[in-house]
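The structure appears below as structure tokens.
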Amino acid sequence: MAHDDDGAPQPRRGESSPRATAQRDLSHDDRPVGTIGDCGVYEHGVRRGGRIPLSEAAAAAAATEGFVWIGLQQPTHQDIADVAVQFDLPPLAVEDAVRAHQRPKLEAYGEVLFAVLKPVRYIDSEEVVEVSEVAIFLGPHFVITVRHGHSDVLTAVRAELDGGAHPLLTDFGPSLVLYRAADLVVDGYERVLEAIGADVDEIEEEVFGAGEDDHAERIYKLKREVAEFRRAVVPLAWPFERLATAAVGHVPDSTAHHFRDIHDHVLRATDQLEAIDRLLTDVLQANTARVATAQSKIALRQNEDMRKISAWAAIALVPTAVAGIYGMNFEHMPELESRYGYFVVLGVIGVICFTLYRAFRHNGWL
């Protein structure tokens, strides 16, 4: 069985999901096992022992020189209530962590630092940017993470810490979780930008290629996904600027240069997103102009066809009108007794039709 972001088991095909299993199998903390992903103590650069009960987490945090990391996945208010009480979490931040759909941010509440990150992944087959959310509470001796949506960021961070003594753990303390999570999130931004850039290049080739298809729907859809992506990236610049300048007392000053690197990556991702958005706008305008030109050509061809049809209809009208007049069968009509009247009428019809034909040819109608 696989494990998700905070160590909770993921079902194989045909097995029950952790949420469904949790309705039947409650842990000793009377919590669904799918809600509490993991709970462990990290001290002197390594994880101490295995998973500890949630009821002992606060006592373990108070007794350790390291920190306790509690991972929660899509919790409700009921799920997080006891954790909030044990660690004296700020109510406003707890509400934000439970409700999700928050802007990326960094806020300080006394000794507790609250951060919201937005991991993203790109589903290339659908050209969709999928945004998840990670909320992180940092205290002097505890870390509480809350995940909403699909993301393997916290899984990767915990695997690093569980894999052995982490070289930065002593310097960073609990803030190492924030640093590594942010670093992996921003690395994910770069991969998504690369994938979006490839799709933009493909759209450019199609718009300026030999075909005359309208690509406006695809371009607009991609612009909408880029806008969603920007909402996850742009607000991160200010929080990481504060961390990079050691303006947050909850994070050791010695770690500022590490966060400065993340801040630079965020700024670069923001610039790339703005460039992609401008390029998509230009491509959309070019596509619109090309479609308009193609429609104008079609309209011009239709006008030419209509002129030709009108010209031939005008020529055909002459014999039709004359034949209609002489087909009225009145007894007393001029030229009926004329021996050469028939040939004269045919000649007149021919002369008029030929004259009209020459005139239409001269004017470019035929």
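Every number in this text was worked out from the coordinates using simple rules, so none of it is lab data. All values reported here derive from a predicted model rather than from experimental measurement. We place every Cβ from the backbone using ideal geometry, glycine too, and count neighbours over all the protein chains shown.
Given contacts defined as C-alpha pairs under 8 Å and at least six residues apart, what's the relative contact order of the chain, whole-number percent? Provide the component values of the computation, followed by the final result.
Numbers: 480 pairs, mean separation 46.7, N = 366.
This gives 13 percent for the chain.
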Q: Choose one of 197, 210, 179: the residue whose Cα lies farthest towards the positive end of the charge dipole of region 179-230 (beta-carbon charges +1 Lys, Arg; -1 Asp, Glu; about the Cα centre).
A: 179
Q.
For region 57-79 and region 190-226, what is the centre-to-centre distance using only Cα atoms, to the nearest Å?
A. 45 Å
Q) Tally Lys/Arg at +1 and Asp/Glu at -1 over every other residue whose Cβ is under 15 Å from the Cβ of residue 236; what's the total? A) -3
**Q.** Lys, Arg +1 and Asp, Glu -1 on Cβ, resulting dipole of region 178-256 about Cα centre, debye, nearest 20
**A.** 780 debye
Q | Förster radius 45 Å - calculated FRET efficiency between residue 216 and residue 310 (Cβ-Cβ, nearest 0.05) | A | 0.85
**Q.** Stretchable slack from residue 108 to residue 355, in nm (0.36 nm times residue separation minus alpha-carbon distance)
**A.** 79.7 nm
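Nearest 0.05, what FRET efficiency do residue 363 and residue 292 give at R0 = 25 Å with Cβ-Cβ as r?
Working: r = 28 Å, r/R0 = 1.11.
With a Förster radius of 25 Å, E is 0.35.
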**Q.** Signed unit charges on C-beta, dipole axis of the chain, positive-most listed residue 132, 254, 49
**A.** 132
**Q.** Point-to-point label distance, residue 168-residue 238, nm (Cα→Cβ direction, 7 Å offset)
**A.** 2.5 nm
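Given R₀ = 56 Å, FRET efficiency for residue 159-residue 302 by Cβ-Cβ distance, to 0.05? Don't jump to the answer; show the numbers that get you there.
On the way: r = 65 Å, r/R0 = 1.17.
The calculated FRET efficiency here is 0.30.
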Q: Measure out, as a whole number of angstrom, how far apart the alpha-carbon centroids of region 111-150 and region 335-354 sit.
A: 93 Å
**Q.** Whole-number percent relative contact order across region 144-299, with pairs defined as alpha carbons under 8 Å at least 6 apart
**A.** 29 percent
Q | lysines with Cα under 29 Å of residue 118, excluding same-chain neighbours fewer than 8 positions away | A | 105, 221, 223
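Can you tell me the length gained on complete extension of the stretch residue 271 to residue 254, counting 0.36 nm per residue apart and subtracting the Cα distance? Before the final figure, lay out the partial values.
On the way: separation 17, 0.36 × 17 = 6.12 nm, distance 2.79 nm.
Working it through step by step, the gained length comes to 3.3 nm.
When the chain is fully extended, how far beyond the present Cα-Cα distance does residue 191 get from residue 278, taking 0.36 nm per residue of separation?
Numbers: separation 87, 0.36 × 87 = 31.32 nm, distance 1.96 nm.
Between residue 191 and residue 278, full extension yields an extra 29.4 nm.
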Q) Given only helices, namely DSSP H runs of n ≥ 4 each adding -39500 (n - 2.57), what is the per-residue ellipticity at 222 nm of the chain, to the nearest 500 deg cm²/dmol? A) -18500 deg cm²/dmol
(Q) Under a crude label model (7 Å from the Cα following the beta-carbon direction), how far is residue 51 from residue 65 in nanometres? (A) 2.9 nm
Q. Expressed as a whole number of Å, what is the distance separating the alpha-carbon centroids of region 277-315 and region 81-102?
A. 60 Å
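Helix check for the chain. Which DSSP H runs span at least 30 Å along their own axis by Cα, with a mean Kyte-Doolittle hydropathy no less than 0.5? Show your work: numbers first, answer last.
Working: long enough: 175-207 (47 Å, 0.25); 256-326 (104 Å, -0.02); 341-362 (32 Å, 1.34).
Length and hydropathy pass: 341-362.
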Q. For q = 0.25 Å⁻¹, what log10 I(q)/I(0) does region 110-207 give under the Debye formula with an equal point scatterer on each alpha carbon and no solvent?
A. -1.30
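About the Cα centre, and with charges only on the beta carbon of Lys, Arg (+1) and Asp, Glu (-1), how big is the dipole of the chain? Nearest 20 debye, please.
Values: 35 positive and 56 negative charges, 284 e Å.
Value, rounded to 20: 1360 debye.
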Q: With only Lys, Arg, Asp and Glu charged, each at its Cβ (+1 for the first two, -1 for the last two), find how big the charge dipole of region 228-310 is about the Cα centre; round to the nearest 20 debye.
A: 620 debye
